[in-house]
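The values are calculated or read from the model by the stated rules, or taken from the named source; none is laboratory data. Keep in mind that what you see is a predicted model, and the values were worked out from it rather than measured. Cβ sites come from the backbone with ideal geometry, for glycine too, and all protein chains shown count toward neighbours. Heads up: the accessible areas ignore ligands, DNA and RNA and are worked out on the full protein's heavy atoms, side chains in. Shrake-Rupley method; radii C 1.70, N 1.55, O 1.52, S 1.80 Å.
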Amino acid sequence: EAGVAQSPRYKIIEKRQSVAFWCNPISGHATLYWYQQILGQGPKLLIQFQNNGVVDDSQLPKDRFSAERLKGVDSTLKIQPAKLEDSAVYLCASSLAGLAGANTGELFFGEGSRLTVL
Amino acid sequence: AQSVTQPDIHITVSEGASLELRCNYSYGATPYLFWYVQSPGQGLQLLLKYFSGDTLVQGIKGFEAEFKRSQSSFNLRKPSVHWSDAAEYFCAVGRGGGGNKLTFGTGTQLKVEL
(Lines give C-alpha, C1' and ligand atoms only; values in the text may rest on other atoms or scores of the structure.)
Protein backbone atom coordinates (compact mmCIF):
# COMPACT_ATOMS: atom_id res chain seq x y z
CA GLU A 1 0.00 0.00 0.00
CA ALA A 2 1.39 3.38 -0.97
CA GLY A 3 2.06 5.81 1.85
CA VAL A 4 1.44 9.54 2.10
CA ALA A 5 3.21 11.33 -0.73
CA GLN A 6 4.54 14.88 -0.42
CA SER A 7 6.39 17.21 -2.73
CA PRO A 8 8.70 18.96 -2.98
CA ARG A 9 10.99 17.47 -0.32
CA TYR A 10 13.06 20.63 -0.08
CA LYS A 11 12.44 24.26 -0.98
CA ILE A 12 14.55 27.36 -0.45
CA ILE A 13 12.98 30.76 -1.04
CA GLU A 14 13.55 34.34 -0.03
CA LYS A 15 11.25 36.14 2.36
CA ARG A 16 8.15 37.62 0.78
CA GLN A 17 8.16 34.97 -1.94
CA SER A 18 5.46 32.34 -2.22
CA VAL A 19 5.63 28.55 -2.01
CA ALA A 20 3.23 25.64 -2.38
CA PHE A 21 3.37 22.12 -1.02
CA TRP A 22 1.41 19.16 -2.29
CA CYS A 23 0.17 16.09 -0.47
CA ASN A 24 -1.51 12.91 -1.61
CA PRO A 25 -2.87 10.86 1.31
CA ILE A 26 -3.26 7.11 1.60
CA SER A 27 -6.11 5.89 -0.57
CA GLY A 28 -9.39 5.78 1.34
CA HIS A 29 -8.28 8.03 4.17
CA ALA A 30 -10.95 10.63 4.74
CA THR A 31 -9.00 12.90 7.07
CA LEU A 32 -5.97 14.90 5.99
CA TYR A 33 -3.77 17.03 8.21
CA TRP A 34 -1.03 19.59 7.71
CA TYR A 35 1.43 19.96 10.58
CA GLN A 36 4.25 22.46 10.95
CA GLN A 37 7.41 21.25 12.67
CA ILE A 38 9.91 23.93 13.59
CA LEU A 39 13.41 22.72 14.39
CA GLY A 40 13.60 21.43 17.96
CA GLN A 41 9.84 21.36 18.44
CA GLY A 42 7.05 18.84 18.10
CA PRO A 43 4.64 18.96 15.17
CA LYS A 44 1.92 21.58 15.46
CA LEU A 45 -1.41 21.17 13.67
CA LEU A 46 -2.09 23.83 11.07
CA ILE A 47 -5.24 22.51 9.44
CA GLN A 48 -7.40 19.39 9.40
CA PHE A 49 -9.70 18.34 6.56
CA GLN A 50 -12.49 15.78 6.65
CA ASN A 51 -13.06 14.85 3.00
CA ASN A 52 -13.01 18.29 1.34
CA GLY A 53 -14.26 20.27 4.33
CA VAL A 54 -12.18 22.06 6.95
CA VAL A 55 -12.57 20.65 10.46
CA ASP A 56 -10.02 22.79 12.28
CA ASP A 57 -7.89 25.66 11.04
CA SER A 58 -7.61 27.54 14.30
CA GLN A 59 -3.79 27.45 14.26
CA LEU A 60 -3.41 28.44 10.60
CA PRO A 61 -2.01 31.98 10.10
CA LYS A 62 -4.68 32.90 7.61
CA ASP A 63 -3.08 36.18 6.58
CA ARG A 64 -0.37 34.23 4.78
CA PHE A 65 -1.23 30.53 4.79
CA SER A 66 -3.97 28.85 2.79
CA ALA A 67 -4.86 25.23 2.13
CA GLU A 68 -7.34 23.39 0.03
CA ARG A 69 -8.52 19.87 -0.64
CA LEU A 70 -10.87 20.41 -3.52
CA LYS A 71 -11.85 16.86 -4.46
CA GLY A 72 -11.42 15.30 -1.05
CA VAL A 73 -8.21 13.57 -2.02
CA ASP A 74 -4.97 15.48 -2.47
CA SER A 75 -4.25 18.81 -0.86
CA THR A 76 -2.13 21.91 -1.36
CA LEU A 77 -0.71 24.17 1.34
CA LYS A 78 0.39 27.64 0.22
CA ILE A 79 2.38 30.34 1.96
CA GLN A 80 2.32 33.86 0.56
CA PRO A 81 4.27 35.93 1.45
CA ALA A 82 6.75 33.81 3.37
CA LYS A 83 8.49 35.05 6.51
CA LEU A 84 11.75 33.91 8.06
CA GLU A 85 9.84 32.21 10.90
CA ASP A 86 8.05 29.98 8.39
CA SER A 87 11.25 27.95 8.00
CA ALA A 88 10.14 24.50 9.10
CA VAL A 89 9.21 21.03 7.92
CA TYR A 90 5.64 20.79 6.71
CA LEU A 91 4.24 17.35 7.41
CA CYS A 92 1.16 15.93 5.79
CA ALA A 93 -0.69 13.08 7.46
CA SER A 94 -3.86 11.12 6.86
CA SER A 95 -6.12 8.84 8.86
CA LEU A 96 -9.16 6.64 8.50
CA ALA A 97 -12.73 7.66 9.24
CA GLY A 98 -14.86 5.71 11.68
CA LEU A 99 -15.73 5.71 15.36
CA ALA A 100 -13.21 5.46 18.15
CA GLY A 101 -12.53 2.04 19.55
CA ALA A 102 -10.71 -0.25 17.22
CA ASN A 103 -10.04 2.80 15.06
CA THR A 104 -7.38 4.40 17.21
CA GLY A 105 -7.11 7.44 15.00
CA GLU A 106 -3.52 6.68 14.12
CA LEU A 107 -2.00 9.25 11.80
CA PHE A 108 0.14 8.16 8.86
CA PHE A 109 2.78 10.72 7.94
CA GLY A 110 4.57 11.61 4.77
CA GLU A 111 8.28 12.37 4.72
CA GLY A 112 7.68 16.10 4.92
CA SER A 113 8.62 19.18 2.92
CA ARG A 114 11.49 21.18 4.37
CA LEU A 115 11.18 24.92 3.79
CA THR A 116 14.05 27.34 4.27
CA VAL A 117 13.23 31.05 4.06
CA LEU A 118 16.25 33.33 3.57
CA ALA B 1 -7.17 21.31 26.43
CA GLN B 2 -4.99 18.32 25.77
CA SER B 3 -1.24 18.54 26.22
CA VAL B 4 1.85 16.34 26.32
CA THR B 5 5.05 16.90 28.26
CA GLN B 6 8.31 15.18 27.45
CA PRO B 7 10.65 16.39 30.19
CA ASP B 8 13.88 15.15 28.62
CA ILE B 9 15.04 17.09 25.57
CA HIS B 10 18.17 14.99 25.05
CA ILE B 11 19.15 11.55 26.32
CA THR B 12 22.40 9.71 25.69
CA VAL B 13 22.74 5.99 26.34
CA SER B 14 25.38 3.41 25.53
CA GLU B 15 24.57 0.71 23.01
CA GLY B 16 23.18 -2.31 24.82
CA ALA B 17 21.95 -0.28 27.78
CA SER B 18 18.29 0.03 28.70
CA LEU B 19 16.23 3.06 27.79
CA GLU B 20 13.24 4.85 29.25
CA LEU B 21 11.75 7.98 27.70
CA ARG B 22 9.21 9.86 29.79
CA CYS B 23 5.85 11.17 28.68
CA ASN B 24 3.15 12.85 30.74
CA TYR B 25 -0.18 13.87 29.28
CA SER B 26 -3.19 15.97 30.16
CA TYR B 27 -6.50 14.90 28.70
CA GLY B 28 -10.08 15.25 29.87
CA ALA B 29 -11.36 11.87 28.72
CA THR B 30 -10.02 8.42 27.97
CA PRO B 31 -6.80 9.09 26.08
CA TYR B 32 -5.48 7.36 23.02
CA LEU B 33 -1.70 7.48 23.34
CA PHE B 34 0.99 7.10 20.74
CA TRP B 35 4.75 7.03 20.40
CA TYR B 36 6.26 8.06 17.08
CA VAL B 37 9.90 8.02 15.98
CA GLN B 38 11.51 10.40 13.52
CA SER B 39 14.87 9.74 11.90
CA PRO B 40 16.75 12.68 10.34
CA GLY B 41 15.06 13.92 7.20
CA GLN B 42 12.18 11.50 7.57
CA GLY B 43 8.54 11.66 8.54
CA LEU B 44 7.09 10.21 11.71
CA GLN B 45 6.75 6.46 12.07
CA LEU B 46 4.41 4.88 14.60
CA LEU B 47 6.18 2.77 17.23
CA LEU B 48 3.18 1.78 19.32
CA LYS B 49 -0.21 2.88 20.58
CA TYR B 50 -2.51 2.40 23.54
CA PHE B 51 -6.27 2.80 23.70
CA SER B 52 -7.62 0.14 26.04
CA GLY B 53 -6.92 -3.18 27.68
CA ASP B 54 -3.52 -4.29 28.85
CA THR B 55 -1.61 -1.26 30.06
CA LEU B 56 1.70 -2.63 28.77
CA VAL B 57 1.81 -2.41 25.00
CA GLN B 58 4.38 -3.81 22.63
CA GLY B 59 5.53 -2.04 19.53
CA ILE B 60 7.92 -2.38 16.66
CA LYS B 61 11.70 -2.57 16.96
CA GLY B 62 11.52 -4.07 20.47
CA PHE B 63 9.93 -1.04 22.12
CA GLU B 64 7.23 -1.18 24.77
CA ALA B 65 5.29 1.40 26.75
CA GLU B 66 3.27 1.33 29.94
CA PHE B 67 0.13 3.36 30.50
CA LYS B 68 -0.29 4.54 34.09
CA ARG B 69 -3.55 6.40 34.52
CA SER B 70 -2.83 7.43 38.12
CA GLN B 71 0.37 9.15 37.01
CA SER B 72 -0.93 10.37 33.63
CA SER B 73 2.14 8.80 32.09
CA PHE B 74 2.97 6.69 29.06
CA ASN B 75 6.71 6.01 29.23
CA LEU B 76 8.56 4.29 26.43
CA ARG B 77 11.10 1.58 27.20
CA LYS B 78 13.56 -0.69 25.47
CA PRO B 79 15.68 -3.29 27.28
CA SER B 80 18.73 -3.01 25.02
CA VAL B 81 19.33 -0.07 22.74
CA HIS B 82 20.89 -0.45 19.29
CA TRP B 83 22.89 2.27 17.50
CA SER B 84 20.14 2.46 14.88
CA ASP B 85 17.68 3.63 17.55
CA ALA B 86 19.28 7.08 17.54
CA ALA B 87 16.45 9.39 16.48
CA GLU B 88 13.87 11.76 17.89
CA TYR B 89 10.92 10.32 19.76
CA PHE B 90 7.54 11.98 20.09
CA CYS B 91 4.69 11.15 22.44
CA ALA B 92 1.18 12.14 21.36
CA VAL B 93 -2.35 12.08 22.77
CA GLY B 94 -5.77 12.13 21.09
CA ARG B 95 -9.35 10.94 21.42
CA GLY B 96 -9.20 8.17 18.82
CA GLY B 97 -11.56 7.47 15.97
CA GLY B 98 -12.02 9.15 12.65
CA GLY B 99 -10.98 12.77 12.49
CA ASN B 100 -8.73 12.27 15.48
CA LYS B 101 -6.54 15.24 16.37
CA LEU B 102 -3.16 14.40 17.88
CA THR B 103 -1.28 16.74 20.17
CA PHE B 104 2.45 16.08 20.26
CA GLY B 105 5.10 16.65 22.86
CA THR B 106 8.28 18.55 22.06
CA GLY B 107 10.23 15.35 21.54
CA THR B 108 13.26 13.62 23.06
CA GLN B 109 16.44 13.37 21.02
CA LEU B 110 18.15 10.03 21.64
CA LYS B 111 21.86 9.65 21.08
CA VAL B 112 23.46 6.21 21.26
CA GLU B 113 27.13 5.88 22.14
CA LEU B 114 28.99 2.93 20.70
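Compute a Gaussian network model of chain B, connecting alpha carbons closer than 10 Å, and tell me which residue from B:101, B:49, B:78 fluctuates the most.
B:101
Counting only heavy atoms of protein chains, what accessible area per residue, in Å², does the range B:3-113 have with a probe of 1.4 Å?
On a per-residue basis, 44 Å².
Which one, A:103, A:23, A:3, is farthest towards the positive end of the dipole of chain A when Lys and Arg carry +1 and Asp and Glu -1 on their Cβ?
A:23
State the Cα centre-to-centre distance between the range B:28-47 and the range A:1-70 in whole Å.
18
Percent of accessible area on the range B:3-113 owned by carbon and sulfur, 1.4 Å probe?
Taking all protein chains in place, the range B:3-113 shows 48 percent carbon and sulfur surface.
Pick out, from B:33, B:48, B:82, the residue whose Cα sits farthest towards the positive end of the charge dipole of the range B:3-113, with +1 on the Cβ of Lys and Arg and -1 on the Cβ of Asp and Glu.
Going by the charge dipole, the pick is B:33.
Going 7 Å from the Cα of residue B:80 in the Cα-to-Cβ direction, what parts of the range B:25-65 have a backbone nitrogen less than 13 Å from that spot?
B:62
Once you keep just the Cα pairs under 8 angstrom separated by 6 or more residues, what percentage relative contact order results for chain A?
36
What distance in nm lies between label points placed 7 Å from Cα along the C-beta direction at residue B:39 and residue B:14?
2.6
If you put +1 on each Lys and Arg Cβ and -1 on each Asp and Glu Cβ, how big is the dipole of the protein assembly as shown around its Cα centre, in Debye rounded to 20?
500
Using only alpha carbon pairs under 8 Å that are at least six residues apart, calculate the relative contact order of chain B and give it in whole percent.
Relative contact order here is 37 percent.
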